[in-house]
Amino acid sequence: MKKLYIFLLFISYSVVAQTKVGGFIVDKNNQPIGFATIAFVGSTESTVSDESGKFYLESKNTYKTLRCVFVGYNDAEITLTKPATYDLKIVLKPEQVLET
């Protein structure tokens, strides 16, 4: 019976130990940003937003931070507060160009 309890505890932990994130990426004018890269910080797991800015990223591991990168915009790091978030809106801000 004790072995069964430990086995069930292990299985329930492995089901909970996941991170699922979905949403969309826009600019400051609420226009979608397609083909941006979204990754879990500290991993090689990533995805790319589609042409309408939508994305979905899932991992069997637990992560607390997400990074979004797109050329011409500042990187965005988002702290994940729960293991599953499906309506995340990431707003990227344009990089400031320094004139010389």
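The values are calculated or read from the model by the stated rules, or taken from the named source; none is laboratory data. If you're wondering where the values come from, they're calculated on a predicted model, not measured in any experiment. In this analysis, Cβ positions are derived from the backbone assuming ideal geometry, glycine residues included, and neighbour counts consider all displayed protein chains. The protein model used for the area step is the full one, side chains on, heavy atoms only, and it has no ligands, DNA or RNA in it. Shrake-Rupley method; radii C 1.70, N 1.55, O 1.52, S 1.80 Å.
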Open item on the list: With every protein chain left in place and a probe of 1.4 Å, what is the accessible surface of Y56, to the nearest 10 Å²?
Closed with: 100
Task: Under the Karplus curve 6.51 cos²θ - 1.76 cosθ + 1.60, θ = phi - 60°, whole-Hz ³J(HN,Hα) for region 45-59, x wherever Gly or Pro sits - done: 7, 8, 8, 10, 5, 7, 5, 9, x, 7, 8, 8, 9, 9, 9
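Using Cα pairs under 8 angstrom and six or more residues apart, how large is the relative contact order of region 17-100, in percent?
On the way: 194 pairs, mean separation 31.0, N = 84.
Reported as a whole number, the value is 37 percent.
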Open item on the list: Skipping prolines and chain starts, which residues have an amide H placed within reach, meaning under 5 Å, of the one on G23, given they are 5 or more residues away or on another chain?
Closed with: F55, L88
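Once you have a ≥ b ≥ c as the square roots of the Cα gyration tensor eigenvalues for region 33-78, tell me rounded if a/c is under 1.5, and otherwise prolate or oblate according to whether a/b is larger than b/c.
Numbers: a/c = 2.49, a/b = 1.45, b/c = 1.72.
Oblate.
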Open item on the list: Using the Karplus curve 6.51 cos²θ - 1.76 cosθ + 1.60 with θ = phi - 60°, what ³J(HN,Hα) values do you get for each residue of region 83-94, in whole Hz, with x for Gly and Pro?
Closed with: x, 10, 9, 10, 10, 6, 10, 10, 9, 8, 9, x
TODO: Consider a paramagnetic label point 7 Å from the Cα of D27 along Cα→Cβ; state which residues of region 34-77 have an amide N under 11 Å from it.
DONE: 34, 72-73
- [ ] Give the accessible area for V71 in Å² (nearest 10); use a 1.4 Å probe, count only protein heavy atoms, and leave out ligands, DNA and RNA.
- [x] 130
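In the structure displayed, which of K60/K89; K20/K82; K64/K93; K54/K89 lie more than 20 Å apart, Cα to Cα? It would help to have the intermediate numbers written out before the result.
Numbers: K60/K89 22 Å; K20/K82 9 Å; K64/K93 22 Å; K54/K89 9 Å.
Violating the 20 Å Cα-Cα cut-off are K60/K89; K64/K93.
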TODO: Return the distance in nm (one decimal) between the two label points of a simple spin-label model at D87 and V71, each offset 7 Å from Cα along Cα→Cβ.
DONE: 3.5
